[in-house]
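Notes follow once the structure below has been shown.
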Amino acid sequence: MIKVKHFTIGIGLLLILSACSGEKTVKEDNESKMEAEILTFETLLKEKKYEDLLIKMETIDLSESETDKVRAVGTKFVDQLIQEKNFEFLDSKYNRMRINLNRDDWTKVVKFVEQEKEIRLDEMEQAVRNNDFQKVQELYDRTKGLEDNADFSAMYNYAQYLQTDQNSYEASGALALAVDPEYHGRMREEIVAGITNTSYASPLTFGPISLDDWNWIEREYRNNLFNMERISNAEKERKEKIESARGSNPSLGMTYEEVLASLWGEPYDVNRTVTEYGTYEQWVYGNGQYLYFEDGILTSFQD
């Protein structure tokens, strides 16, 4: 009986030791995988494959205990970008970087980006004031991160105005369209002076543009953009319906163009009636086939 008891205890100890060994192996495997991931991070950073590194940081599955190791790589990542003055990358990936960095590193990014923005705005303003339009264009081309910045855009458009015949309604109008009437940033006084320029005033021309006109032009411009988009969408839909009609029989609701694109195609004859209530057409195809239109829309048929 004692031997059996000792045997049972022995088996139990073996099972416990086996379980501990298994846990140790899993832990070692996880640590090995993490070391490989960190090595991949370090390699991407060394090779300056920043987009790949950011994607890797976004997609890696981490336990809470492993987060610090990846955050440490994030610190190196930020320091390297700042050292390179890589404003374009940090600015364009601003929100994505925020999710993957600790608070201290994110603070460094914010500070760096804001400082670099001010530097570039200072450079743009100085170039515009000096009429150095080549420098203006170079700054605009290489500073993609500021294309949507109100100050940067306004000064760039003012530089374009300065390179035209400034004493004209066309030049002032183009500047008025390019700059928001609510703009109150850098060089606003100069921009307003360009828009409200009175030097070309004449009974034979439009203008000059007042501040009230500026607001009106902006609204009109936005309305025109909306109408252009609406017309473009309608034209796209018209062409899609015509293409859809090809190879099929006419159906109610089709337009002239859609019917012509259908299997029935051109009629042999058209009988047209115009009244105060609208325009009516009968398209004759022969063999007892007729189509009837009201104001350009197919409303009935006979086959």
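The values are calculated or read from the model by the stated rules, or taken from the named source; none is laboratory data. Note that the structure is predicted; figures quoted are calculated from it, not measured. We place every Cβ from the backbone using ideal geometry, glycine too, and count neighbours over all the protein chains shown. For the accessible areas, the whole protein counts, side chains as well, though only heavy atoms, and no ligand, DNA or RNA atoms are used. Shrake-Rupley method; radii C 1.70, N 1.55, O 1.52, S 1.80 Å.
Give the residue, chosen from 150, 159, 171, 176, that is under 23 Å from residue 91 (Cα atoms), among the small types (Gly, Ala, Ser) and at pLDDT 85 or above.
Being under 23 Å from residue 91 (Cα atoms), among the small types (Gly, Ala, Ser) and at pLDDT 85 or above holds for just one of 150, 159, 171, 176, which is 150.
Sort out which residues of the range 230-275 are among the acidic types (Asp, Glu), touching a helix residue (DSSP H, G or I) at 6+ places or on another chain (Cβ under 7 Å) and open to solvent by 80 Å² or more (accessible area, probe 1.4 Å), and write them in order of number.
Correct list: 257, 266.
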Legend entry - Within the range 282-303, considering residues that are closer than 18 Å to residue 242 by Cβ and part of a strand (DSSP E or B), the one nearest to the chain's Cα centre (by Cα): 297
Legend entry - Total residues in the range 58-106, condition assigned to a helix (DSSP H, G or I), open to solvent by 70 Å² or more (accessible area, probe 1.4 Å) and farther than 29 Å from residue 146 by Cβ: 6
